[in-house]
Amino acid sequence: MSGSINPARSEWDVIVVGGAPPGETISLHTSLAGLSVALVEQDRVGGECLFWACMPSKAMLLPVQARNLAVDLPGMRQLVDGRRVDAEAVLARRDEITFNHDDKEPVDLMLSNDVDVLRGRGRLVGPRTVEVSDNGRTREITATKAVVLSPGTDGAMPPITGLADARPWRSRDVTNMHEVPRRMVVIGGGVVACEAATWLRGLGVEELTLVFPGERLLGRKEPFVGDLVRQSFEADRITVRTGTPVHEVHRERVDDRGIGRTHGGEVTVTVGDGERLVADEVLVATGRVPNSRDIGLETVGVPTTDRGFVEVDDHMTVPGTDWLYVLGDLTGRALLTHMGKYHARIAGEVIAARAAGRPLDDRPYNPYTDQADKDGAPQVIFCDPEVASVGLTEAEALDRDIPVEVVERDFAGIDGARLAREHFVGRAKLVVDNSNDTLVGATFVGPGVSELLHAASVAVVGKVPVSALRHAVASFPTISEIWLYLLEELRQRRAAA
């Protein structure tokens, strides 16, 4: 048996609103548990991640990182030095990666797993009841067991004079760019800004400026993170203007030619003490806001936080209900695709257990309770150099009065790093809770450090004692030997105390 598109029925066990990875994951999970499932999506199944965010951005970043790696390797440098990547070829492959914005493959995956797909906008209109609107037609459908909301987020538009009227690029434009502007100003200093700056410069933007009021790039990370990323950007002739507010944006001629194409003539950005920056396009990368408006939360008495998020318990259930679940970005717990998929696996187990009348036990690491969001959410920022982190920073741990001990060092002297690049620039830091000798945070900066992160995530979530980590031997010659150096320094320090 297989699912259908827009079937003529009105009742399912589970209704999922939002077809991005969290919605896809819970649809498959609950269907495999024997429950009937309807997935409601108004745009494309696969969502922001597949078509507008994670996948297209990484498809552009990886060739840029490969080129930068080659420049730093004798024998390869002679082939690529002074040259940028072939932007046309990179953008063509990006379009292949995103199925040219055709969601047939993810839809077919749902259908082949007995998930029905309903095209349209879904919103709650009462307990267990969802209204689906599509091209002026509406229908009401009902869930016997659970309704799951996973509508995601949208890019924020800060209240800067003239900014919205200038029709700047937003995240969807820069991930789906079809032309490379010569001059660009990026407003922001966070994850999207840093990743976008990496591929914009790599694809051929000649004059690129990041401007934002914060004092450091990636300011929520360990201080050395922003310093090293800025150092790399400036070496690649990207201008970074920290501590610089944007006051006004002006564009005389607005001509929005579609996503990923310049939206008009020159743009003037007034910053700092009145300095004017002139560019061909402006990118707004100042965070995300939840899509919690007009999804019917008020019809079932569910409030949102001041920032528009919905609070859930650790079963991903909205408190006061046993049928309404919220996943992913809308929870405000961790705005990351992999965490949304994790939420979906948790909620899927809970829904299946409740449907079968099974108790939700309280064993450690049981499958029914979100535990990774409690300081165990990993994140990779795919700029060059990469940034990988999990758990708490030193400052966050101190704010919680955790008795911390930290150890950090550069990758200098590690043979795997010397092999990977001639000038390997990077640093690592571990944050240890001295009360129980377990790792509570880890941060790595450098080429390829994303591959170090899962080991740190296992250590943090699993509360592995530092004494045990010393016996997890790193292979030679790899950059994972940074673990050996960090833990040995910690041991020597303790022995000398």
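If you check Thr369 against the conditions, is it in the same structural domain as Val432 (by TED's automatic domain parsing) and of a type in the set (S, T, N, Q)?
no
Hey, among the residues in the range 220-232 that are part of a helix (DSSP H, G or I) and in contact (Cβ under 8 Å) with a residue 60 or more places away in the chain, which one's surrounded by the fewest Cβ atoms within 10 Å (Cβ to Cβ)?
The extreme case among them is Gln231.
Could you go through the range 436-453 and let me know if any residue there is in a loop (DSSP other than H, G, I, E, B) and among the hydroxyl-bearing types (Ser, Thr, Tyr).
No; the residues of the range 436-453 include none that is in a loop (DSSP other than H, G, I, E, B) and among the hydroxyl-bearing types (Ser, Thr, Tyr).
Does any residue of the range 341-352 turn out to be over 30 Å from Glu222 (Cβ atoms), assigned by TED's automatic domain parsing to the domain that holds Gly18 and free of Cβ contacts under 8 Å to residues at least 60 places away in the same chain?
Yes, the range 341-352 contains at least one residue that is over 30 Å from Glu222 (Cβ atoms), assigned by TED's automatic domain parsing to the domain that holds Gly18 and free of Cβ contacts under 8 Å to residues at least 60 places away in the same chain.
Which condition breaks for Gly348 when tested against (1) within 30 Å of Ile482 (Cα to Cα); (2) surrounded by 22 or more Cβ atoms within 10 Å (Cβ to Cβ)?
(1)
On the basis of being surrounded by 24 or more Cβ atoms within 10 Å (Cβ to Cβ), touching a residue at least 12 places away in the same chain (Cβ under 8 Å), touching a strand residue (DSSP E or B) at 6+ places or on another chain (Cβ under 8 Å) and closer than 21 Å to Thr239 by Cβ, does Ala146 make the cut?
Taking the combined requirement at face value, the residue does not satisfy it.
Would you confirm, using the coordinates I've provided, whether Arg83 is of a type outside the set (A, V, I, L, M, F, W, C) and in contact (Cβ under 8 Å) with a residue 40 or more places away in the chain?
Spelling it out, it is not the case that Arg83 is of a type outside the set (A, V, I, L, M, F, W, C) and in contact (Cβ under 8 Å) with a residue 40 or more places away in the chain.
Helices (runs of 4 or more DSSP H) wholly in the range 1-114 with at least 1 residues that are under 19 Å from the mean Cα position of the chain (by Cα) and surrounded by 14 or more Cβ atoms within 10 Å (Cβ to Cβ) - which ones?
Ranges flagged: 21-32, 47-52, 54-71, 87-97.
Looking only at residues that are closer than 26 Å to Lys58 by Cβ and either out of contact with any Phe, Trp or Tyr (no Cβ under 7 Å at 6 or more places or on another chain) or acidic (Asp, Glu) (or both) in the range 464-497, which one is surrounded by the fewest Cβ atoms within 10 Å (Cβ to Cβ)?
Ser475
Residues in the range 387-409: is at least one acidic (Asp, Glu) and over 26 Å from the mean Cα position of the chain (by Cα)? Before you say what the answer is, go through the steps one by one.
Step one: filter the range 387-409 for residues acidic (Asp, Glu), giving 394, 396, 399, 401, 405, 408.
If we keep only those that are over 26 Å from the mean Cα position of the chain (by Cα) as well, we get 401, 405.
Yes, the range 387-409 contains a residue that is acidic (Asp, Glu) and over 26 Å from the mean Cα position of the chain (by Cα).
Is it the case, given these coordinates, that Arg470 is among the basic types (Lys, Arg) and without any contact (Cβ under 8 Å) to a residue 24 or more places away in the chain? Can you show your working first?
Details: among the basic types (Lys, Arg): yes; without any contact (Cβ under 8 Å) to a residue 24 or more places away in the chain: yes.
The answer is yes for Arg470.
Restricting to the range 228-270, name every residue that is over 19 Å from Pro168 (Cβ atoms), of a type in the set (D, E, K, R) and over 21 Å from the mean Cα position of the chain (by Cα).
Glu234, Asp236, Arg237
The rows are residues; the columns are (1) without any contact (Cβ under 8 Å) to a residue 40 or more places away in the chain; (2) closer than 30 Å to Thr144 by Cβ.
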site	(1), (2)
Leu91	no, no
Asp95	yes, no
Thr98	no, no
Asp103	no, yes
Leu111	no, yes
Val115	no, yes
Pro127	no, yes
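Please find, within the range 239-279, the residue that is nearest to Leu217 (Cα to Cα) out of those that are among the hydroxyl-bearing types (Ser, Thr, Tyr) and either outside any loop (DSSP other than H, G, I, E, B) or modelled with pLDDT under 95 (or both).
Thr239
Within the range 462-474, can one find any residue that is basic (Lys, Arg), part of a helix (DSSP H, G or I) and over 29 Å from the mean Cα position of the chain (by Cα)?
no
State yes or no: is Ala285 buried (at least 19 other Cβ atoms within 10 Å of the Cβ) and either over 30 Å from Arg121 (Cβ atoms) or basic (Lys, Arg) (or both)?
Numbers: buried (at least 19 other Cβ atoms within 10 Å of the Cβ): yes; either over 30 Å from Arg121 (Cβ atoms) or basic (Lys, Arg) (or both): no.
Spelling it out, it is not the case that Ala285 is buried (at least 19 other Cβ atoms within 10 Å of the Cβ) and either over 30 Å from Arg121 (Cβ atoms) or basic (Lys, Arg) (or both).
So Lys341 ticks every box in (1) under 22 Å from the mean Cα position of the chain (by Cα); (2) at pLDDT below 95; (3) of a type in the set (Lys, Arg); (4) farther than 30 Å from Asp255 by Cα but one. Which box is left unticked?
(2)
Take the range 424-463 and flag every residue that is surrounded by fewer than 19 Cβ atoms within 10 Å (Cβ to Cβ) and touching a helix residue (DSSP H, G or I) at 6+ places or on another chain (Cβ under 6 Å).
Asp437 - this is the single residue of the range 424-463 that is surrounded by fewer than 19 Cβ atoms within 10 Å (Cβ to Cβ) and touching a helix residue (DSSP H, G or I) at 6+ places or on another chain (Cβ under 6 Å).
Among the residues of the range 370-414, which ones are modelled with pLDDT under 95 and either of a type in the set (S, T, N, Q) or part of a strand (DSSP E or B) (or both)?
Once the filter is applied, which keeps residues that are modelled with pLDDT under 95 and either of a type in the set (S, T, N, Q) or part of a strand (DSSP E or B) (or both), the range 370-414 yields only Gln371.
Being out of contact with any Asp or Glu (no Cβ under 9 Å at 6 or more places or on another chain) and closer than 16 Å to Asp116 by Cβ is the filter here, so list the residues in the range 35-53 that pass it.
Val40
Taking the range 157-202 on its own, how many of its residues are part of a helix (DSSP H, G or I) and either buried (at least 24 other Cβ atoms within 10 Å of the Cβ) or not basic (Lys, Arg) (or both)?
Selection size over the range 157-202: 18.
Is one or more of the residues making up the range 290-300 closer than 26 Å to Gly126 by Cβ, surrounded by fewer than 19 Cβ atoms within 10 Å (Cβ to Cβ), of a type in the set (Asp, Glu) and modelled with pLDDT under 95?
yes
Output the residue which, of all residues in the range 250-282 that are β-branched (Val, Ile, Thr) and surrounded by 15 or more Cβ atoms within 10 Å (Cβ to Cβ), is nearest to Val180 (Cα to Cα).
Thr262
The values are calculated or read from the model by the stated rules, or taken from the named source; none is laboratory data. None of these values were measured; they are calculated from a predicted model. Quick reminder, even Gly has a Cβ in these numbers, built from the backbone with ideal geometry, and neighbours come from all protein chains shown.
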